[in-house]
Amino acid sequence: MATQGDAAKTTKAARPATPKDDAPFHGAVMNVERADFEELVPEGRAPVQGMEGFDPCYSDIVDYIIRCTHKIWDERDVGLIYTHYTHNIVLYLPTTTIYNREDVVRDTIQRLVSLPERRGMATHVVWNGDDKDGFYTSHLVTGSGRYTQNGHYGPANGRPFVSRTIADCMIHRNKIYREWVVSDQMAVVQQLGLDPHPYAEKIASARLSQGFKTLDIGEVGLMLGQYQPSSEADLSISNNDIERETLSWLHDVFNRKMFGRIRDVYAPTAMFHGPLMKELYGTTSVMHQTLGLVGTMPDAVYMPQHICSTPCNEGGVKVAVRWVMEGHHLGFGILESLGAPTGKHLKLMGMSHYHYKDGKIVDEWTVYDELSLLVQIKLAQLADQQSAVAVAG
């Protein structure tokens with residue numbers, strides 16, 4: 001498993017060049033903002049950064065991640081996975097982990113079968129690194145389509161859906177060797193008109209049959225003994241001032257519960273693009289969403305795993321954070337499908353992109369999967385039932 005040290009080593013490589021208004025066409029690394037798809041996959045574009053070991057069609061790392069994703073998922077060239085992933089790829093998902101390339105191929109084919117009309121459109125790519133030590137990309141995608149083929153969601157009903165996904169990749173010499181993917185499956189399930197509870201229980205039952213159970217080892221690390229949470233954030237994974245600032249206020253808000261910091265760092269007109277395709281406005285909305293998430297797991301520790309940043313053509317800087325929250329289901333919050341508090345141990349993997357302009361956050365995109373938490377609760381409950389039957393027997 002990749003450690004924070006591994007990630008930090010990658011992020012401390014070369015910083016991206018400041019983009020220009022005509023970045024898709026000239027000598028700067030491409031930026032997704034304001035560029036049409038055809039501008040993002042030009043033919044014969046000369047390399048604009050070191051890409052040693054990469055296929056010659058890729059002129060920079062943004063070109064790589066946009067183009068190969070399109071080829072695999074939209075053009076159906078699934079076999080490119082063999083040349084773009086290492087044989088021992090570790091792919092982290094909210095409800096499972098894949099440990100080899102062949103399973104990535106199978107999983108990709110299955111998703112293409114179930115959602116043959118889906119199109120994944122790049123919203124932006126935040127990245128850092130170089131071709132010597134490796135690149136790290138955080139790729140936000142908005143996917144849309146219809147459920148027109150019987151598959152893992154059950155009988156097809158033709159309903160449309162739209163959802164967000166963020167994929168973080170560690171890449172070296174044309175191959176992805178670590179990947180984290182957070183897809184908002186609860187948004188899809190709800191839009192398809194499915195009841196999330198039996199769907200989550202079906203997934204949990206399959207996991208239980210494979211021997212997986214929820215392991216609760218007690219305190220989650222928010223505090224040491226009876227001390228309060230640390231007053232200072234761990235900044236060791238940051239690379240520059242804006243990343244250090246981001247880690248600091250995230251620690252204040254999520255671990256120290258200083259929710260008033262939100263008013264300090266967000267612009268009054270900030271937009272929040274959240275799970276379940278929420279589109280909200282203003283610091284009050286951001287405050288409510290944050291309180292609602294923390295309220296579900298009030299003892300949770302918020303742990304940033306990786307951070308990187310790039311300037312963008314819209315002005316300002318975008319910062320990408322991959323994080324984990326780990327705690328217990330002890331309260332009510334915005335995650336309505338979870339119902340009344342169960343006390344079960346929960347781990348939530350999420351990713352956030354923040355757009356800073358003039359020192360304030362003007363946009364936030366956050367993706368996590370509420371369905372993964374429901375699966376964890378169902379799994380723990382099934383494990384309890386199994387244990388009770390064993391004791392009674």
What number, rounded to the nearest 500 deg cm²/dmol, is the helix-based mean residue ellipticity at 222 nm of the chain, given -39500 (n - 2.57) per DSSP H run of at least four residues and division by all its residues? -9000 deg cm²/dmol
Subtracting the Cα-Cα distance from 0.36 nm times the residue separation, let me have the gained length for residue 347 to residue 117 in nm, one decimal. 79.6 nm
In nanometres, what is the gap between the two model label sites at residue 103 and residue 230, each 7 Å from Cα along Cα-to-Cβ? 3.2 nm
Pair residue 133, residue 149: separation of 7 Å Cα→Cβ label points (nm): 4.2 nm
Using a Gaussian network model of the chain whose springs link C-alpha atoms within less than 10 Å, name the residue from 225, 350, 315 with the highest mean-square fluctuation. 225
Output ³J(HN,Hα) for the stretch 257-271: one whole-Hz value per residue in order, computed from phi by the Karplus curve 6.51 cos²θ - 1.76 cosθ + 1.60 with θ = phi - 60°, and x for Gly and Pro. 6, 8, 5, x, 4, 4, 5, 7, 9, 9, 5, x, 9, 4, 10
Please work out the C-alpha center-to-center distance from the stretch 255-269 to the stretch 336-393 and express it in whole Å. 23 Å
Along the dipole axis of the stretch 4-195 (charges at Cβ: +1 for Lys and Arg, -1 for Asp and Glu; origin at the Cα centre), the most positive-end residue among 91, 134, 194 is 194
Hey, what do the phi angles of the stretch 275-287 turn into as Karplus ³J(HN,Hα) couplings, whole Hz, using 6.51/-1.76/1.60 and θ = phi - 60°, x for Gly and Pro? x, 6, 6, 5, 10, 10, 9, x, 5, 5, 5, 4, 4
Close lysine pairs (the stretch 4-195; alpha-carbon distance under 20 Å; 8 or more apart or on separate chains) counted at 6
Distance cut-off 31 Å, Cα to Cα: go down the list 318/378; 278/347; 257/378; 257/344 and report the pairs above it. 318/378
Reachable aspartates and glutamates from residue 360, Cα under 12 Å, same-chain residues fewer than 8 places away excluded? 245, 264
For volume of the Cα convex hull per residue in Å³, the choices are [x] 135; [y] 157; [z] 144; which was calculated from the structure? [z]
Under 19 Å from the residue 90 label point (7 Å along Cα→beta-carbon), backbone N, the stretch 163-181: 167-173, 175-181
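Each value in this text was obtained by applying a stated rule to the coordinates, not by laboratory testing. Please read all numbers here as calculations on a predicted model, not as lab measurements. FYI the Cβ positions are ideal-geometry reconstructions off the backbone, even for glycines, and counts take in every protein chain you see.
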